[in-house]
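Enquirer: Can you keep this structure in mind? I'll have questions shortly.
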Amino acid sequence: NAIDPHPKNRRHELADLPSLAKSIKAQGVRQNLLLVPQGDPHDVPRGGDPSAGVRPAWDRYTVVIGHRRLAAAELAGLTEVPAVVDPTLTEADQLELMLVENLQREGLTPIEEAEGYQELLDLGLSVATIAKKVGRSAKVVKDRAKLLTLPEVARERIQSGQGSLLDAAKLDEFADDPEVLDKLAGLIGNVNFSAEWVRAKETRKRHAEQQPIVDALLATGLTEITDRAASRG
């Protein structure tokens, strides 16, 4: 009861807890949880007297590694779990450890992974440093983080598995055109997405080819009518 889940753990779904709880009921928790004390770790914890060999204890802890084990242990009815407490872990250390564990267990969706990278970037870590720490390429880290710039509907579809990373990469081409981007984002994961994306590409190419002509006409003093209805196309 003294252990809280980490508020920044990116693994939102803890899969197959009943099965793990059954195993824990029979075998116990065989691997320590990793915890950090809540509050200022430099405060003297209650009962702490290292010189007397008394192990220090804080009032509450946050789990860094072992969220699923903790939830399954509670489900199994355990009142205690083996744990290691490390008060030296910085916030960046904690985020990195959780991200690496979840990636190793394939427990993250691309959006959850992106959120983890972004939090590390916000703490000042470079893309190269993050890539090295989590065992990914710098391109993967950048591409995942870029997912967070997509319209919300696209992020939700990728999160739910309706949209693919390939579709998300296609949206990046229209990052400078919010109107087209929003339209395509609403179609991601839909059977019409590819056809609409090709149509949008062709339209963009045609406009690019026409632009020199438009510029030349405007240079003569003509006025461009942008209202399609007024110009009859």
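The values are calculated or read from the model by the stated rules, or taken from the named source; none is laboratory data. A quick note: this is a predicted structure, and the numbers were derived from the prediction, not measured. Counting neighbours? That spans all protein chains shown, and the Cβs are built from the backbone with ideal geometry, glycine included. For the accessible areas, the whole protein counts, side chains as well, though only heavy atoms, and no ligand, DNA or RNA atoms are used. Shrake-Rupley method; radii C 1.70, N 1.55, O 1.52, S 1.80 Å.
Enquirer: Give me the residue from region 177-189 that is in a loop (DSSP other than H, G, I, E, B) and either within 23 Å of the chain's Cα centre (by Cα) or hydroxyl-bearing (Ser, Thr, Tyr) (or both) and, out of that set, modelled with the lowest pLDDT. Reasoning before the result, please.
Expert: Applying the first criterion (in a loop (DSSP other than H, G, I, E, B)) to region 177-189 yields 177, 186-189.
With either within 23 Å of the chain's Cα centre (by Cα) or hydroxyl-bearing (Ser, Thr, Tyr) (or both) added as a condition, the list becomes 186-189.
On the way: Gly186: 89, Leu187: 90, Ile188: 89, Gly189: 84.
Here the answer is Gly189.
Enquirer: Which numbered condition trips up Val84, out of (1) modelled with pLDDT of 90 or more; (2) closer than 30 Å to Ala154 by Cβ?
Expert: (2)
Enquirer: Taking interchain pairs and intrachain pairs at least six residues apart, which have beta carbon atoms under 8 angstrom, with the first residue in region 182-209 and aromatic (Phe, Trp, Tyr) and the second not in a loop (DSSP other than H, G, I, E, B)?
Expert: Phe193/Asp167; Phe193/Leu184; Trp197/Lys170; Trp197/Leu184
Enquirer: Please give the number of the condition Arg10 fails out of (1) at pLDDT 85 or above; (2) under 30 Å from Ala131 (Cα atoms); (3) crowded, with 18+ Cβ neighbours inside 10 Å.
Expert: For Arg10, the exception is condition (1).
Enquirer: In region 145-168, is there at least one residue being over 22 Å from Glu119 (Cα atoms), outside any loop (DSSP other than H, G, I, E, B) and hydrophobic (A, V, I, L, M, F, W, C)? First the steps, then the outcome.
Expert: The initial filter retains those residues of region 145-168 that are over 22 Å from Glu119 (Cα atoms), namely 161-164, 166-167.
Next, only the ones that are outside any loop (DSSP other than H, G, I, E, B) stay: 166-167.
Of the ones still in play, those that are also hydrophobic (A, V, I, L, M, F, W, C) are 166.
Yes - at least one qualifying residue is present in region 145-168.
Enquirer: For region 140-150, what are the residues that are open to solvent by 20 Å² or more (accessible area, probe 1.4 Å) and either under 17 Å from Ala175 (Cβ atoms) or touching a strand residue (DSSP E or B) at 6+ places or on another chain (Cβ under 6 Å) (or both)? Full working, then the answer.
Expert: Filtering region 140-150 for residues open to solvent by 20 Å² or more (accessible area, probe 1.4 Å) gives 140, 142-144, 146, 148-149.
Answer for region 140-150, where residues must be open to solvent by 20 Å² or more (accessible area, probe 1.4 Å) and either under 17 Å from Ala175 (Cβ atoms) or touching a strand residue (DSSP E or B) at 6+ places or on another chain (Cβ under 6 Å) (or both): Lys142, Asp143, Arg144, Lys146, Leu148, Thr149.
Enquirer: Of Thr129, Thr109, which residue is in contact with a His (Cβ under 9 Å, 6 or more places away or on another chain) and open to solvent by 20 Å² or more (accessible area, probe 1.4 Å)? So that I can check it myself, show each step before the final result.
Expert: Values: Thr129 fails: in contact with a His (Cβ under 9 Å, 6 or more places away or on another chain).
On inspection, the qualifying residue turns out to be Thr109.
Enquirer: Looking only at region 112-126, filter to residues that are open to solvent by 40 Å² or more (accessible area, probe 1.4 Å) and part of a helix (DSSP H, G or I); which one of those is farthest from Ala168 (Cα to Cα)? First the steps, then the outcome.
Expert: As a first pass, look at region 112-126 and keep what is open to solvent by 40 Å² or more (accessible area, probe 1.4 Å): 115, 118, 121-124, 126.
From what's left, part of a helix (DSSP H, G or I): 115, 118, 121-122.
Working: Glu115: 16, Gln118: 17, Leu121: 21, Asp122: 23 Å.
Step by step, filter region 112-126, then rank; the result is Asp122.
Enquirer: Follow-up question, since we're still on this one. Do we have Asp43 as of a type in the set (Asp, Glu) and modelled with pLDDT under 85 here?
Expert: Here the answer is yes, as Asp43 does meet what is asked.
One line per residue, one yes/no per condition, for (1) open to solvent by 50 Å² or more (accessible area, probe 1.4 Å); (2) in contact with a Gly (Cβ under 9 Å, 6 or more places away or on another chain):
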{"residue": "Lys170", "(1), (2)": "no, no"}
{"residue": "Leu184", "(1), (2)": "no, no"}
{"residue": "Gly189", "(1), (2)": "no, yes"}
{"residue": "Glu209", "(1), (2)": "yes, no"}
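Enquirer: Show the residue pairs meeting these rules: Cβ distance below 7 Å; 6+ apart or different chains; first residue within region 144-161 and in contact (Cβ under 8 Å) with a residue 60 or more places away in the chain; second residue buried (at least 21 other Cβ atoms within 10 Å of the Cβ).
Expert: none
Enquirer: With respect to the numbered conditions (1) more than 26 Å from the chain's Cα centre (by Cα); (2) at pLDDT below 90; (3) surrounded by fewer than 10 Cβ atoms within 10 Å (Cβ to Cβ); (4) not in a helix (DSSP H, G or I), which one is the sole condition not fulfilled by Ala230?
Expert: (4)
Enquirer: Condition first: open to solvent by 50 Å² or more (accessible area, probe 1.4 Å), charged (D, E, K, R) and part of a loop (DSSP other than H, G, I, E, B). Now tell me which residues in region 80-106 satisfy that.
Expert: If the condition is that a residue be open to solvent by 50 Å² or more (accessible area, probe 1.4 Å), charged (D, E, K, R) and part of a loop (DSSP other than H, G, I, E, B), then Glu80, Arg105, Glu106 are the ones that fit.
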